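The values are calculated or read from the model by the stated rules, or taken from the named source; none is laboratory data. Please read all numbers here as calculations on a predicted model, not as lab measurements. We place every Cβ from the backbone using ideal geometry, glycine too, and count neighbours over all the protein chains shown. Please note that ligands, DNA and RNA were not included when accessible areas were found on the heavy atoms of the full protein model with its side chains. Shrake-Rupley method; radii C 1.70, N 1.55, O 1.52, S 1.80 Å.
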Amino acid sequence: MKTLFYNIKELFQVRENNQSILKGSEMKELPSIKNAFLVVEDDLIADYGSMENAPKDFDESVDVSGKMIMPSYIDSHTHIVYAGNREQEFVDRINGLSYDEIYKRGGGILNSVEKLRNASEDELYRDAAARLEELIALGTGVIEIKSGYGLSLEAELKMLRVIKKLQENYPVKIKATFLGAHAIPPEFKGNQAGFVDAICNEMIPEIAKLGLADYVDAFLETGYFTVDETRKIIQTATKFGLKSKIHINQFTAINGIEMCVEENVLTVDHLEVVEDVDIEALKKGNTIPVALPTCSYFISIPYTPARKLLDANLPLVIASDYNPGTTPSGNMNFVVATSCIKMKLTPEEAFNAATLNAAYALEVENEYGSITKGKKASFFITKPIHSIYAIPYNFGSDLIETVYLNGKKQ
Ligand code: NIG
Ligand code: FE
């Protein structure tokens with residue numbers, strides 16, 4: 001089946017060859033073709049170019065006049081499997097409590113742990129599937145989903161099975177991450193070392209054996225997990241053939257980025273607090289920094305110093321962090337907008353961070369992230385707009401008209 005998309009006002013993120021991750025000033029350019037065509041054959045991108053070279057033989061055609069095409073967003077950091085909500089904590093924060101104070105009272109992540117342990121697998125699946133369907137309509141075509149609200153082998157497996165079921169039932173590409181080290185569960189209170197041992201000796205081996213996770217994560221933060229504990233978890237994951245993606249420097253500079261680079265961690269996520277030593281460490285390795293600006297927005301904490309990272313010629317990825325506590329939204333259009341408005345990325349940089357570079361954060365760069373022949377035909381068509389700047393500029397509007405995933409209209 002061959003479909004021609006014609007009269008595309010502007011076709012974005014067009015890369016002739018598989019482009020390596022964009023660093024520093026390379027992120028300024030978002031290559032595009034104006035008045036373009038795109039040919040999709042089955043689930044793949046077969047051809048593209050200027051309208052005057054559009055092919056004449058095809059099975060069907062779609063008129064894209066006045067509208068633009070962008071490859072699907074890749075959201076490399078979410079926690080969309082959770083039970084209930086944390087609306088009361090949202091109001092508590094408005095009334096003056098901090099995220100840390102709420103956690104110390106037994107709320108925060110532990111609030112979601114209690115709810116998740118009491119929820120059935122079916123209930124969790126239904127809620128997560130509804131969230132995923134909303135995100136697909138908002139342009140996300142590849143997503144990472146973490147566990148981390150179970151914190152016991154049984155409850156973590158329940159979450160990972162929900163993620164597996166989503167993988168089986170939806171055309172969006174999903175990567176699963178085991179986040180056992182998210183917080184200390186009540187049954188291990190006062191015995192943090194015992195919990196880290198349970199993660200390394202019981203949970204990671206079993207989850208690896210069942211093939212339920214692509215990555216391992218840990219919350220490396222003051223009051224949660226230390227640099228040494230996180231290193232132990234990363235090294236255990238490596239032993240079982242799993243790479244790590246680490247939550248780090250969200251609230252405090254914890255001096256752990258150097259360790260993450262040494263241990264060949266795939267991505268370090270959050271980085272609201274960044275020190276010069278962290279930048280120096282990132283420059284020495286291949287670990288990718290990931291900013292989560294809508295988390296900063298929602299809980300009123302500093303934004304990742306994106307310009308400082310780019311000035312150091314580092315790559316940058318942006319993701320949503322969709323979770324019930326710090327970011328109850330997975331709208332990547334709003335992530336792009338917040339990156340522009342609050343982190344001072346140009347729209348070109350923000351789209352590169354949310355598509356091409358984000359593909360590297362989930363190791364799907366050979367299949368997704370750009371309009372390249374042979375890659376998956378996963379993209380969105382905008383409503384009629386003046387320029388692609390409208391997406392961050394009209395930050396509260398839904399400007400996506402149609403979504404295609406693997407060549408199929410959603
Ligand atoms: O990425 N900081 C750690 N984990 C999540 C928040 C989890 C929660 O509050 O439920 C985050 O912000
Ligand atoms: Fe997170």
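Regarding region 126-149, can at least one residue be identified that is in a strand (DSSP E or B), of a type in the set (Gly, Ala, Ser) and either away from ligand 1 (no atom under 15 Å from the Cβ) or under 26 Å from Lys173 (Cβ atoms) (or both)?
yes
For region 169-275, the helices (runs of 4 or more DSSP H) that sit wholly inside it and include 3 or more residues that are under 22 Å from Asn357 (Cα atoms) are 257-262. I want to confirm something. Restricting to region 55-81 and keeping residues that are part of a strand (DSSP E or B), of a type outside the set (A, V, I, L, M, F, W, C) and within 21 Å of the chain's Cα centre (by Cα), which single residue is nearest to ligand 1 (Cβ to nearest atom)? Applying the filter and picking the extreme gives Asp75. On inspection, Thr355 fails the criterion of being in contact with a strand residue (DSSP E or B) (Cβ under 8 Å, 6 or more places away or on another chain), without any contact (Cβ under 8 Å) to a residue 24 or more places away in the chain and open to solvent by less than 30 Å² (accessible area, probe 1.4 Å).
Selection within region 23-44: residues that are out of contact with any Phe, Trp or Tyr (no Cβ under 9 Å at 6 or more places or on another chain) and assigned to a loop (DSSP other than H, G, I, E, B). The member of this set that is least open to solvent (accessible area, probe 1.4 Å) is Asp43. Just one of the listed residues (Glu123, Glu134) is over 25 Å from Asp43 (Cβ atoms), assigned by TED's automatic domain parsing to the domain that holds Ile301, open to solvent by 60 Å² or more (accessible area, probe 1.4 Å) and among the acidic types (Asp, Glu), and it is Glu123. Gly256 meets all of the listed conditions (1) within 16 Å of ligand 1 (Cβ to nearest atom); (2) small (Gly, Ala, Ser); (3) surrounded by fewer than 20 Cβ atoms within 10 Å (Cβ to Cβ) but one, namely (3). For region 240-293, the set of residues classified as among the hydrophobic types (A, V, I, L, M, F, W, C) and without any contact (Cβ under 8 Å) to a residue 24 or more places away in the chain consists of Val268, Val277, listed by residue number.
Only one of the numbered conditions (1) open to solvent by less than 10 Å² (accessible area, probe 1.4 Å); (2) of a type outside the set (Val, Ile, Thr); (3) closer than 28 Å to Pro289 by Cα is violated by Tyr82, and that is (1). May I ask you to list the residues in region 45-60 that are open to solvent by less than 60 Å² (accessible area, probe 1.4 Å) and farther than 28 Å from Lys175 by Cα? Correct list: Tyr48, Gly49, Ser50, Met51, Ala54, Pro55. In summary, Leu212 fulfils each of the numbered conditions (1) more than 16 Å from ligand 2 (Cβ to nearest atom); (2) under 23 Å from the mean Cα position of the chain (by Cα); (3) open to solvent by less than 10 Å² (accessible area, probe 1.4 Å) with the single exception of condition (3). Evaluate the following for Asp214: is it under 22 Å from Ile80 (Cα atoms), out of contact with any helix residue (DSSP H, G or I) (no Cβ under 8 Å at 6 or more places or on another chain) and within 16 Å of ligand 1 (Cβ to nearest atom)? So Asp214 does not fit the description; no.
Can you tell me which of Leu242, Leu309 is in contact with a Pro (Cβ under 9 Å, 6 or more places away or on another chain) and surrounded by fewer than 24 Cβ atoms within 10 Å (Cβ to Cβ)? Of Leu242, Leu309, the one residue that is in contact with a Pro (Cβ under 9 Å, 6 or more places away or on another chain) and surrounded by fewer than 24 Cβ atoms within 10 Å (Cβ to Cβ) is Leu309. Tell me which of these Glu156 doesn't satisfy, since it passes every other one: (1) surrounded by fewer than 24 Cβ atoms within 10 Å (Cβ to Cβ); (2) within 16 Å of ligand 2 (Cβ to nearest atom); (3) among the acidic types (Asp, Glu). Here Glu156 meets the rest and fails (1). For region 82-115, give me the residue count where each residue is assigned to a loop (DSSP other than H, G, I, E, B) and within 16 Å of ligand 2 (Cβ to nearest atom). Selection size over region 82-115: 3.
For region 284-303, give me the residue count where each residue is in a loop (DSSP other than H, G, I, E, B) and either surrounded by fewer than 22 Cβ atoms within 10 Å (Cβ to Cβ) or away from ligand 1 (no atom under 12 Å from the Cβ) (or both).
Initial filter on region 284-303 (in a loop (DSSP other than H, G, I, E, B)): 285-287, 292, 300-303.
Pick out the ones that are also either surrounded by fewer than 22 Cβ atoms within 10 Å (Cβ to Cβ) or away from ligand 1 (no atom under 12 Å from the Cβ) (or both) and you get 285-287, 300-303.
Looking only at that region, the number is 7.
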